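Visitor: Before I ask anything, let me first share the structure, which is written out below as structure tokens.
The values are calculated or read from the model by the stated rules, or taken from the named source; none is laboratory data. Predicted, not measured: the structure shown is a model, and the values here were computed from it. Please note: Cβ atoms are built from the backbone with ideal geometry, for glycine as well, and neighbour counts cover all protein chains shown. Heads up: the accessible areas ignore ligands, DNA and RNA and are worked out on the full protein's heavy atoms, side chains in. Shrake-Rupley method; radii C 1.70, N 1.55, O 1.52, S 1.80 Å.
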Amino acid sequence: MTLRRSIVVLGIAALLGAGGCTRAEPAAEGGGLDEVASVTKDDALHARLPEQVRAKGFLRLVTDASYAPMEYFAADGRTIIGFEPDLAVALGQVLGVRTEMVMGSFSTALDDVGAGVYDGVLSSMTDTEERRAKADFVNYLSTGTSILVQRGNPGSITELADLCGRSAATEQGTFQEEMLIRLRTECGDRGLTIRSVATNADVLVELRTGRVAAVLQDYPPASFVATDERTSAFFQLASDHQYERVLFGIAVAKDNTALRDCLRDALQRLIDSGVYADLLARWELSASRVPAAMVNGA
Amino acid sequence: MWKRRARPPVRSTSRLFATFAAASLVPVVALGALVSQDYSRAAAEQGRAQGLAQADVITQMVIAPALNSEDSPAFGSDDLSRRGLTQEQHDRMREATRLAVYNGSVQHLRLRGFSGRVIFSDDGSTSSGVPVSDPDFLAAANGEARARVITGRTQTIRVMQPMLASATGQSIGVIEVYLPYQKIADRLQAQVEHTYWRIGAGLAALYLVLALLAWWITRSLRRYAADQRHNALHDALTGLPNRTAFRTWAEARLDRAARDGGHGAVVLVDLNRFKEVNDTLGHHAGDELLRVVSQRFRSVLGREDILARLGGDEFALLLPGLDSAEAVALMERVRDRLAEETVLDGVPLSIEASFGIALYPEHGSQLQELKQRADIAMYQGKRGTVDVVVYSGEGAGHPHQWLVVQAELRHALERDELILHYQPKVGVTDGDVHALEALVRWQHPQRGLVPPGDFLPAAEHSGLIVPLTEWVLRRALADQLGWTAAGQSWAVSVNVSARNLEAPGFPALVAALLAEAGTAPQRLVLEITETALAGDVETVERAIGEVAALGVGISIDDFGAGYTSLSHLRGLPVTEIKIDRAFVKDVADDPQSRAIVRSVIALAHGLGSRVTAEGVETAEVYRWLIEAGCDEAQGYLIGRPAPWPQVAPTFAVPTVIDTERASR
């Protein structure tokens, strides 16, 4: 009788337990970069860093974190992730300093660097002649520009000329903004409405809400939103063609050649050690690699 | 009492039902609790989800636009704790939230930095709000929205979520929104209650169905068990208790009687010639007969009497509280009732039965013992002339030893252990021996000379009487050759059982034996007891007729003691009537016996038979017999049974003077 009663009690307990149990949450992910850990500090390079950088022990790099997969906010809304933050960490390890990615406005980034607010710009910035007037660029990526349209391509846009007579959006102060301005002159009478907004995220909002027919973007982020499962339902590439292949560069103040050269040499070490290729592969950017670290395209 | 309904075991049944009911209640209640728990949890989750969605909408449609403008973007390197709001942003926030707060659509709204600093609150206070250490705050600061229902005066849902001010997904702080939850909670509560009722009603119905099923099943089981029990204890044909039930119940009665000093009778009843009914009319008639018999039994018996059918045509009764006379009287009533004519398949039948009565505590207190004694009494009845016999001691032999006796008797026949003694029958007037009656004796190797009463009933009962009679006939005819050779012309009388006469081929056997011995048929007399004539009359009469046709003499033995109907005599070629010793021994003193004997003599002479008096033991009787005109006499006065060479050829007829001398 006792046995029978205890079986009944067990049965009830099991029933209640089955309903009452809660799902265990997986443990929080660790954020370390184990591969980068294989990068060793280069004391010679560290020694060549500007005195001020060595003193404070870190580099502040400004970025507009709305450019997946290059740089964007993680789900917590505070951590900036992407290829460039990873690259920044790797460079910092070679140089023996901490690197810090700071959210900032792309359009004013170069001026801020010039004013000494940040040590550099690492924000998918295209190395252009015009910008070289303000800064030197340590080139780390080579890519072209793509035309991003709404999924289904309602405007039937296949090439740049198709944008004439329509509106297009771009981020303020970007290379693509310049491209659109050039295109507008080519369009002549048909004209081209350009909407320049603060962040790349806002650019995508413009396209998503149909206020513009297309968006000019560097190929990597354009390809990302066209294939990522959260956004691919809304965006697609107008064509596979990449326009005006250019170089991305870390913008450093023109008077800070020591830092520029240190960054170039550090990048070269990463290229040599294979860490650079590994990081590219992780973010599916291998096609955009540069063969060697360069400054201002040379 | 003769038919007791097995009472259903009520207690165990209700316990079984209660177990069923309780066992099915457990899962039903558990299921109900589980479903209710899940449902109310789902309802609460739904409320929280609704709160989260609402807060999301407020954030994106109200706060984000208020914070974002061309001039003052809501992003930057510093979080809002550090930066605070511009006056313009602050005004826009106030503008955007005013109406909602006024209408109570939003109870409170605060915008806080990650450090916990209140950057904006609807009431302007900067000290209120969730502590920074609150897990919800920490979660929201780490990008995870949390909603919690707070029960105060009314129910409120508090949402803590990251302030995602722009499309970049950057979190610049934590939004703390208090939304009215009372209406939602009331509605959810109503839904939950409604669902509770429905689940409750459904489960109650389910339980009811289960309980009904359980009840129905237990009832069926109970009935089935009762039926099984009844069938196990009752005879399907008559509905009477069977052997097992009789043993159980009767033993209980006897135990009680032994304890309380009660008395009563155990009766065994065997129907006569039941087998013939079965054989000639078929089994259905036999079954019908048994049903009729049991009905008639019941009509006579009282409530306390136990009547059982032991099997075949054998019945047993336990009659508590009856003494010998009462039991006999009751059984005679039963016999009379049974004897009433029954028509089976158009054949009118009179059912006869033998009743053996054993009384307790006189004849024993154990059922087995009582039954054995009742059995003995019953077989006495079957052999004798009285149907209802009360056990009267062991004299009649032990039927339970009959099996032994039968087995031994078979050997005895093979080993020639049987011998024949002869008792002379003399002519009354001259004293000359006319015939010898062959009487079988058993020279048992251990027990010595066994009297016929000890083994003949067993032989009769088993059918062994047929080979036994054949043996006696053969031996008697052989002995007769012996005395014939010695110069005597005596006839020989052999006793024949009803079973012999019923056995097919008996007349042929007699003829064959006569031929074998070369004996004239007239020198053989077959003595038939009256009871034999009460059997299968037709077969027996036919057999007698055939034997008589051979020339063999037919003698009616023990005349007057049984139930022989005179009508039997009319059709039979009877050559001799032997008056039962019961009448003969009294003729000296009893005028009535004298009258009877005289009339039997007259009757026999009238039928053309000669008359033999049996059991003649005194000269007085002998002389009276001479006077009465009796033809022959037999008895100890004349000669005891003895081997034939010892039989005196003549008997000295006693004279009157001798008698007078003797009496003086």
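Visitor: Select from segment B:142-162 the residues that are within 19 Å of B:Gln60 (Cα to Cα) and more than 8 Å from every other protein chain (Cβ to nearest Cβ) and write down the one among them that is surrounded by the most Cβ atoms within 10 Å (Cβ to Cβ).
Guide: We begin by selecting, within segment B:142-162, every residue within 19 Å of B:Gln60 (Cα to Cα); these are B:142-147, B:157-162.
Imposing the further condition that a residue be more than 8 Å from every other protein chain (Cβ to nearest Cβ) reduces the set to B:145-147, B:157-161.
Values: B:Ala145: 21, B:Arg146: 18, B:Ala147: 23, B:Ile157: 24, B:Arg158: 22, B:Val159: 25, B:Met160: 27, B:Gln161: 25.
So the residue we want is B:Met160.
Visitor: To continue, here is another question. How many residues are under 20 Å from B:Lys578 (Cα atoms) and touching a helix residue (DSSP H, G or I) at 6+ places or on another chain (Cβ under 8 Å) when one looks only at segment B:476-494?
Guide: Qualifying residue count, segment B:476-494: 4.
Visitor: Determine whether segment A:103-118 contains at least one residue that is acidic (Asp, Glu) and either touching a Leu at 6+ places or on another chain (Cβ under 9 Å) or assigned by TED's automatic domain parsing to the domain that holds A:Leu237 (or both).
Guide: No, the conditions are met nowhere in segment A:103-118.
A quick yes/no check of all residues on (1) at pLDDT 90 or above; (2) surrounded by 20 or more Cβ atoms within 10 Å (Cβ to Cβ):
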| position | (1), (2) |
| --- | --- |
| A:Gly249 | yes, yes |
| A:Val275 | yes, yes |
| A:Asp278 | yes, no |
| A:Ala281 | yes, no |
| A:Ala287 | no, no |
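Listed here are the residues, each with its yes/no results for (1) within 10 Å of chain B (Cβ to nearest Cβ); (2) buried (at least 17 other Cβ atoms within 10 Å of the Cβ); (3) part of a helix (DSSP H, G or I).
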site: A:Ala55; (1), (2), (3): no, no, yes
site: A:Val62; (1), (2), (3): yes, yes, no
site: A:Tyr72; (1), (2), (3): yes, yes, no
site: A:Gly77; (1), (2), (3): yes, yes, no
site: A:Glu84; (1), (2), (3): no, yes, yes
site: A:Ala88; (1), (2), (3): no, yes, yes
site: A:Gln93; (1), (2), (3): no, yes, yes
site: A:Met101; (1), (2), (3): yes, yes, no
site: A:Ala109; (1), (2), (3): no, yes, yes
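Visitor: Just to verify a result, which residue in segment B:165-186, among those that are under 24 Å from A:Gly82 (Cβ atoms) and outside any loop (DSSP other than H, G, I, E, B), is nearest to the other protein chains (Cβ to nearest Cβ)?
Guide: Going through segment B:165-186, the residues under 24 Å from A:Gly82 (Cβ atoms) turn out to be B:165-173.
Of the ones still in play, those that are also outside any loop (DSSP other than H, G, I, E, B) are B:171-173.
On the way: B:Ser171: 3, B:Ile172: 8, B:Gly173: 10 Å.
So, considering only residues that are under 24 Å from A:Gly82 (Cβ atoms) and outside any loop (DSSP other than H, G, I, E, B), the one nearest to the other protein chains (Cβ to nearest Cβ) is B:Ser171.
Visitor: Before we move on, is A:Ile157 in the same structural domain as A:Pro220 (by TED's automatic domain parsing) and either of a type in the set (Asp, Glu) or part of a loop (DSSP other than H, G, I, E, B) (or both)? Before the answer, list the steps.
Guide: On the way: in the same structural domain as A:Pro220 (by TED's automatic domain parsing): yes; either of a type in the set (Asp, Glu) or part of a loop (DSSP other than H, G, I, E, B) (or both): yes.
For A:Ile157, the condition - in the same structural domain as A:Pro220 (by TED's automatic domain parsing) and either of a type in the set (Asp, Glu) or part of a loop (DSSP other than H, G, I, E, B) (or both) - is met.
Visitor: Additional query: If we keep just the residues of segment A:251-273 that are of a type in the set (A, V, I, L, M, F, W, C) and surrounded by fewer than 20 Cβ atoms within 10 Å (Cβ to Cβ), which is nearest to A:Val97 (Cα to Cα)?
Guide: Filtering segment A:251-273 for residues of a type in the set (A, V, I, L, M, F, W, C) gives A:251-253, A:258-259, A:262-263, A:266-267, A:270-271.
From what's left, surrounded by fewer than 20 Cβ atoms within 10 Å (Cβ to Cβ): A:258, A:271.
On the way: A:Ala258: 15, A:Ile271: 19 Å.
If we take residues in segment A:251-273 being of a type in the set (A, V, I, L, M, F, W, C) and surrounded by fewer than 20 Cβ atoms within 10 Å (Cβ to Cβ), then A:Ala258 is nearest to A:Val97 (Cα to Cα).
Visitor: If A:Glu186 satisfies all but one of (1) closer than 30 Å to A:Leu95 by Cα; (2) more than 14 Å from chain B (Cβ to nearest Cβ), what's the number of the condition it fails?
Guide: All conditions pass for A:Glu186, except number (1).
Visitor: Does segment B:125-136 contain any residue that is at pLDDT 90 or above, open to solvent by less than 40 Å² (accessible area, probe 1.4 Å) and not charged (D, E, K, R)?
Guide: yes
Visitor: Still on this structure, please answer the following. Hand me the list of helices (runs of 4 or more DSSP H) wholly inside segment B:553-641 holding 1 or more residues that are free of Cβ contacts under 8 Å to residues at least 12 places away in the same chain. If you could, list the steps in order and put the result at the bottom.
Guide: Details: elements: B:566-571, B:581-584, B:591-607, B:619-628.
The qualifying helices (runs of 4 or more DSSP H) are B:566-571, B:591-607, B:619-628.
Visitor: Do we find that B:Ile657 is over 14 Å from B:Val426 (Cβ atoms), open to solvent by 30 Å² or more (accessible area, probe 1.4 Å), at pLDDT below 90 and under 58 Å from the mean Cα position of the chain (by Cα) in this structure?
Guide: So B:Ile657 does not fit the description; no.
Visitor: Within segment A:116-149, restricting attention to residues that are within 14 Å of another protein chain (Cβ to nearest Cβ) and open to solvent by 10 Å² or more (accessible area, probe 1.4 Å), which residue is nearest to A:Ala292 (Cα to Cα)?
Guide: The residue in question is A:Asp119.
Matching residues to (1) among the hydrophobic types (A, V, I, L, M, F, W, C); (2) modelled with pLDDT under 90; (3) surrounded by 18 or more Cβ atoms within 10 Å (Cβ to Cβ); (4) not assigned by TED's automatic domain parsing to the domain that holds B:Gly47:
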site	(1), (2), (3), (4)
B:Ile172	yes, yes, yes, no
B:Val177	yes, no, yes, no
B:Tyr181	no, yes, yes, no
B:Thr195	no, yes, no, yes
B:Ala211	yes, yes, no, yes
B:Arg222	no, yes, yes, yes
B:His230	no, yes, no, yes
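Visitor: Quick test for you: out of A:Gly165, A:Gly173, A:Gly210, A:Gly249, pick the one residue that is within 14 Å of chain B (Cβ to nearest Cβ) and not in a helix (DSSP H, G or I).
Guide: Details: A:Gly165 fails: within 14 Å of chain B (Cβ to nearest Cβ); A:Gly210 fails: within 14 Å of chain B (Cβ to nearest Cβ); A:Gly249 fails: within 14 Å of chain B (Cβ to nearest Cβ).
Exactly one of A:Gly165, A:Gly173, A:Gly210, A:Gly249 is within 14 Å of chain B (Cβ to nearest Cβ) and not in a helix (DSSP H, G or I), namely A:Gly173.
Visitor: Just name the residue that is farthest from B:Tyr622 (Cα to Cα) out of those in segment B:442-471 that are in contact with a Leu (Cβ under 9 Å, 6 or more places away or on another chain) and free of Cβ contacts under 8 Å to residues at least 24 places away in the same chain.
Guide: My answer is B:Leu456.
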